[in-house]
Amino acid sequence: MTEPLLDRHRAVLPSWLSLYYEQPIEIVRGSGRRVWDAEGREYLDFFAGILTNALGYDVPEVRDALQAQLETGVVHTSTLYLIRQQVELAEQIAELSGIPDAKVFFTSSGTEANEAALLFATQYRRSHQVLALRNSYHGRAFATVGVTGNRGWAASALSPVRTSWVHGGYRYRSPFGHLPDAEFIEACVDDLRDVLATTTAGDVACMIAEPVQGVGGFAVPPDGFFGGMKKVLDEHGILFISDEVQTGWGRTGDHFWGIQAHGVVPDLMTFAKGLGNGLAVGGVVGRADVIDSLGANSISTFGGNPLAMTAARATVDYVLRHDLQANARELGARLMTGLQRAAETCPVVGEVRGKGLMIGVELVEPGGREPSPSAAARALEATKARGLLVGKGGLHGNVLRLAPPMTLTAEETDEGLLILTEALTEAAG
Ligand SMILES: Cc1ncc(COP(=O)(O)O)c(C=O)c1O
């Protein structure tokens, strides 16, 4: 049943658009945190369409809101007209951002959100020099590939921006990784000063960074890290963009935005993925003077789309009403503790790390730190065989990524944990 679809997929879709699993699956039904494939097999979903089904599947509140919008007959109008839901969502996000007098620009994806933020920052500062972190991922278009610090996702060296990469996102393999938190931060801040002095013309536009590196394998710098970095940025008037595409909406548990763990208010924040619980929506929230600095017309035809805005309004309301941030904190801690316990007797686990419901399990060759992408591939198959979907990432493709819908229950956490423990044991063997 799936075979012919796979052949057809390969015939008409790009070769670099990779699929998970030796036998890729087609998901045809979903409910709560569970999905079913075309052959009727059930899975508990710990990757949520790459952290995008923030509430899970078939959520009545979102479905009803979308249904009501569909019944108006209006799916799209364009930003040439007033869109009530767009204004309401912008007001809500501006308020939630903590950025004084913020404005919001909506897009249809995370890539576009970061492209827009980079455009605003470079225009405002009249400079195309940008700082980014090694092991970062920010999207698939020219400027965003240009700031991505991960060879596996850097398809082109052509770029409208000139990027310098600094240390700090990926501590496990950092030359400063052995240092205690405060000294690690100090070493990275020194590196930032050195990079500014040696690789730039001084007038850098901005730094863009993920508070927790997503594609990079859920790599987490110590709390306060970006506070240290921002002191240096402020000395030079360099803007700070927090890429919250994966870390926003409470997923990191302790905070609503990942950057709040660092005691800084960014100039711009970008978001996408979880906001629409599956509908295509992204955007930038930030300082009005920076966003308003474009000297020409700009538009995103689909930005502010009534259907996407409706889904996003319903999703944000659900997240806040049900305090899913607290759920992410509590169940993330439960999952993390269980995995760390399992790791003690599993020689292929190099590190378990993360925040809230964003947990990475870095797999290595037993007895050392050499990355083991083969163990990660085995673990991915072993989890699938037991009815659990997980993600994979990291610079070397050797990190399992766990990011279930934030509506996860304690029972589902334990169910996933049990499967993961068995799968890691199998992957080690
Ligand atoms: C941190 C981060 N920024 C930006 C993007 C790009 O988002 P999109 O795939 O919606 O263009 C991603 C996607 O994985 C991401 O993880």
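For the reader, a short list of remarks on this structure follows.
- Cβ pairs under 7 Å, 6+ apart, first in the stretch 125-140 and away from the ligand (no atom under 14 Å from the Cβ), second in a helix (DSSP H, G or I) and open to solvent by less than 10 Å² (accessible area, probe 1.4 Å): 130/118; 130/147
- Residue within the stretch 180-188 that is out of contact with any Lys or Arg (no Cβ under 8 Å at 6 or more places or on another chain), at negative phi, assigned to a loop (DSSP other than H, G, I, E, B) and open to solvent by 30 Å² or more (accessible area, probe 1.4 Å) present: yes
- Count of the stretch 381-429 residues which are in a loop (DSSP other than H, G, I, E, B) and under 22 Å from residue 367 (Cβ atoms): 6
- Check on residue 117, touching a residue at least 24 places away in the same chain (Cβ under 8 Å), within 16 Å of the ligand (Cβ to nearest atom) and open to solvent by less than 10 Å² (accessible area, probe 1.4 Å): yes
- Cβ pairs under 7 Å, 6+ apart, first in the stretch 401-429 and over 18 Å from residue 349 (Cβ atoms), second open to solvent by 60 Å² or more (accessible area, probe 1.4 Å) and part of a helix (DSSP H, G or I): 410/334; 413/334
- Selection within the stretch 354-380 - touching an Asp or Glu at 6+ places or on another chain (Cβ under 8 Å), outside any strand (DSSP E or B) and of a type in the set (Lys, Arg): 378
- When 112, 61, 42, 71 are checked against the criterion of being within 16 Å of the ligand (Cβ to nearest atom) and either among the charged types (D, E, K, R) or under 22 Å from residue 250 (Cβ atoms) (or both), a single residue qualifies: 112.
- Any hit, the stretch 96-110, residues being touching a His at 6+ places or on another chain (Cβ under 6 Å), modelled with pLDDT of 95 or more and open to solvent by less than 70 Å² (accessible area, probe 1.4 Å): no
- Of all residues in the stretch 395-411 being open to solvent by 10 Å² or more (accessible area, probe 1.4 Å) and within 22 Å of the chain's Cα centre (by Cα), the one that is farthest from residue 343 (Cα to Cα): 407
- Among residues of the stretch 203-223 being in a loop (DSSP other than H, G, I, E, B) and touching a helix residue (DSSP H, G or I) at 6+ places or on another chain (Cβ under 6 Å), the one that is farthest from residue 99 (Cα to Cα) is 222.
- Test for residue 215: is it at pLDDT 95 or above and either within 16 Å of residue 114 (Cα to Cα) or open to solvent by less than 10 Å² (accessible area, probe 1.4 Å) (or both): yes
- Pairs where the first residue, in the stretch 2-21, is aromatic (Phe, Trp, Tyr) and the second is open to solvent by less than 80 Å² (accessible area, probe 1.4 Å) and not in a helix (DSSP H, G or I), C-beta under 8 Å, 6+ apart: 20/392
The values are calculated or read from the model by the stated rules, or taken from the named source; none is laboratory data. Every value quoted in this text rests on a predicted model; they were computed, and no experiment measured them. Because the Cβ atoms are built from the backbone with ideal geometry, glycine has one as well, and the counts that use them run over all protein chains shown. Surface areas here come from the heavy atoms of the whole protein model, side chains and all, with no ligands, DNA or RNA. Shrake-Rupley method; radii C 1.70, N 1.55, O 1.52, S 1.80 Å.
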